[in-house]
1. Report the one residue of Leu33, Gly138, Gly320 whose Cα lies farthest in the direction of the positive end of the charge dipole of the chain (charges on C-beta: Lys and Arg +1, Asp and Glu -1; origin at the Cα centre).
2. Mind sorting Tyr171, Tyr140 by how few other Cβ atoms lie within 10 Å of their own Cβ, fewest first?
3. Relative to the longest principal axis of the chain, what angle (0 to 90°, nearest 10) does the C-alpha long axis of helix 322-353 take?
4. Show me the GluC sites (Glu not before Pro) within segment 61-154 that DSSP assigns to loop and that have at most 11 other Cβ atoms within 10 Å of their Cβ.
5. Taking a cut-off of 27 Å, what percent of all Cα-Cα pairs in segment 140-353 are separated by more than that?
6. If you average the sequence gap of Cα pairs under 8 Å that are 6 or more apart and divide by the length of segment 140-353, what percent do you get for the contact order?
7. In degrees from 0 to 90, rounded to the nearest 10, what is the angle of the helix 80-114 Cα long axis to the longest principal axis of the chain?
8. Compute from the Cα atoms of segment 31-114 the Rg and the Dmax, the latter being the longest Cα-Cα distance, and quote both in angstrom.
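Just so it is clear, none of the values below were taken in a lab; they were calculated from the coordinates. Just so it is clear, the structure is predicted and the values come from calculations on it, not from any experiment. Cβ: placed from backbone, ideal geometry, glycine included. Neighbour counts: every protein chain shown.
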Amino acid sequence: MSHAVVSGPKAAPPSPGPRRSLNSRSLPRWAPLGFAAVSVLLGVGISLAAGWESRVQWGLVSALLFVLVSYVVTSAVENRRQAKDRLATSLVWVCFILAVIPLLSLIWVTVSRGVKALDGYFLTHSMAGVPGFEAGGGVYHAIVGTLEQVGIATLVSVPIGLLTAVYLVEYGKGALAKAVTFFVDVMTGIPSIVAGLFLLSIMLMFDLQPSGLMGALALAILMIPVVVRSTEEMLKLVPNELREASLALGVPKWRTIVKVVIPTALGGITTGVMLAIARIAGETAPIMLLVFGTQLINANPFDGAQSSLPFYIWEQYRVGSEASYDRAWAAALVLIAFVMILNLVARGIARWKAPQTGR
């Protein structure tokens, strides 16, 4: 006997109530721009009312007002939690702008004043026979000196720095490795004038003459710790699984380092070398002590005085004439372009040699 189940009408599902959110009110996306505009207007107005004529003071007052306005308005409209987040974001933006403004100002001044004398003639002629206070002359001899001195310093420092980093990462243990690490850290912060004085004492002891080689050796002393530190960090990033897999196949350790470890970290190593070159390209003190500078083109770095871009800038600025100032700014622009090209090359090589993570 079957029993029929009689079901009554189904109850209607409860209607969804209004959605609740953690914050019923929120500022629009353009709120930070509005805060910035209001802060600038208030900062300029307060500065003018106080009689401050410096634009630096205007900017600092506006930055403080931007942080304050962002926090107060966000607290009133949203909540304390969002206000703290907005405060941290505002501080990050203010610090970023304060760091970028001097850089942009330096680039703007250098470009605007350097283009006055920068042309093909300036890049292909030296200062031979040109009085410093008169217009004319060029920077070719300084470019040649910089390229040769930086090139020799690179040839000396890169093998030493690379092998030292390999020793510290792959073999270094005990007191010797700790001592090497300590001296590398000390050399990282050594002033350039100290390296110049060290080579100058050697020159005086052995009665050596000023030359581009001596300046390059001083630059190599400054470059070695940068190469060691950057290469060491890149080698540490190589996964140990790669080393273990190579060693498990019976490959000797030295061959594993040459064929596996160094090629894997080659992109980062190249970037560190390029940054080290950019660091020494603007050094002036060792060149003043060891190379002496010259107005003539000297393509032999092993005999006689040479010039360089940093020395040429100092030399022209010391003359004090309008023409020499233009040449100094033009040479500074050439030096900045040289360093910028090195950084772009380093980034390109790092991206090219970066390990592929995709399938």
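1. Leu33
2. Numbers: Tyr171 12, Tyr140 18.
Final ranking by Cβ density, sparse to dense: Tyr171, Tyr140.
3. So the inclination is approximately 60 degrees.
4. Counting only loop positions with at most 11 other Cβ atoms within 10 Å, the GluC sites (Glu not before Pro) in segment 61-154 are Glu134.
5. Beyond 27 Å sits 40 percent of the P(r) for segment 140-353.
6. Numbers: 292 pairs, mean separation 65.7, N = 214.
Dividing the mean separation by the residue count of segment 140-353 yields 31 percent.
7. On a 0 to 90 degree scale, this one is about 30.
8. Answer for segment 31-114, Rg first and Dmax second: 15.0, 51 Å.
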